[in-house]
């Protein structure tokens, strides 16, 4: 079987500055910066909370039970998001995850102060909640991004924002570092979560129930004006086109 009339096209990053993509790419860039800093920041905070220094021996003891339980929250987060992402929508799921996750991280930081000492069980529960919410929000952002971008620019756009997220994650250890005041870390995490949530809410449209990339057909970026096919119609059209192509080349 040989495909005929195939064409290839190179896409540069300049497409992000086109009118129909500016707002979406700005919102996605901010969202992915928040993803990198909040998700990896939560991991660093949880690890530091369960680290206990022995000043006399000069060693560090980790509560591995607490770390393992908190890490297992990511499995629960995937299952939970699979149940909520369609009924709630992509944007509310992200907002709830980032804001609640930041609140749990702030509680962990407050628990490290002399005023708010937590017991071990409560500390593990709060850490579990932090990892659960951050993983759920991050997973939703991963699923949400390709739905916003059309096929022509999907790989380039997704790769760009993913790279930006890696840079943000690399900066995160300099903010959430050992010895930093816990309340300062809590305030920074809360501010980042608020800015990320505002960008998602104000700059990005909801894609639940729409075909992938159909948002690009709406220059005003308002979902009430988008007349796109549903997901089922999109797949039916896709398979019909593939069947016609096979008939043409065989």
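One residue is enough: does the range 125-138 have a residue meeting the conditions more than 30 Å from residue 180 (Cα to Cα) and buried (at least 17 other Cβ atoms within 10 Å of the Cβ)?
Just the residues of the range 125-138 that are more than 30 Å from residue 180 (Cα to Cα), to begin with: none.
There is no residue in the range 125-138 that is more than 30 Å from residue 180 (Cα to Cα) and buried (at least 17 other Cβ atoms within 10 Å of the Cβ).
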Test: residue in the range 78-90 that is touching a helix residue (DSSP H, G or I) at 6+ places or on another chain (Cβ under 9 Å), over 15 Å from residue 132 (Cα atoms), in contact (Cβ under 8 Å) with a residue 40 or more places away in the chain and surrounded by fewer than 22 Cβ atoms within 10 Å (Cβ to Cβ): no
Residue match in the range 169-177 (condition: surrounded by 13 or more Cβ atoms within 10 Å (Cβ to Cβ), within 16 Å of the chain's Cα centre (by Cα) and in a helix (DSSP H, G or I)): yes
Output for the range 93-121, where each listed residue is modelled with pLDDT under 95, more than 16 Å from residue 187 (Cα to Cα) and part of a helix (DSSP H, G or I): 120, 121
Residue count for the range 49-62, restricted to those that are on the phi < 0 side of the Ramachandran plot, in a loop (DSSP other than H, G, I, E, B) and without any contact (Cβ under 8 Å) to a residue 60 or more places away in the chain: 3
Residue in the range 122-142 that is touching a helix residue (DSSP H, G or I) at 6+ places or on another chain (Cβ under 9 Å) and assigned to a strand (DSSP E or B) present: no
The range 143-157: number of residues that are assigned to a helix (DSSP H, G or I), buried (at least 22 other Cβ atoms within 10 Å of the Cβ) and over 13 Å from the mean Cα position of the chain (by Cα): 2
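The values are calculated or read from the model by the stated rules, or taken from the named source; none is laboratory data. Source: prediction; values computed, not measured. Because the Cβ atoms are built from the backbone with ideal geometry, glycine has one as well, and the counts that use them run over all protein chains shown.
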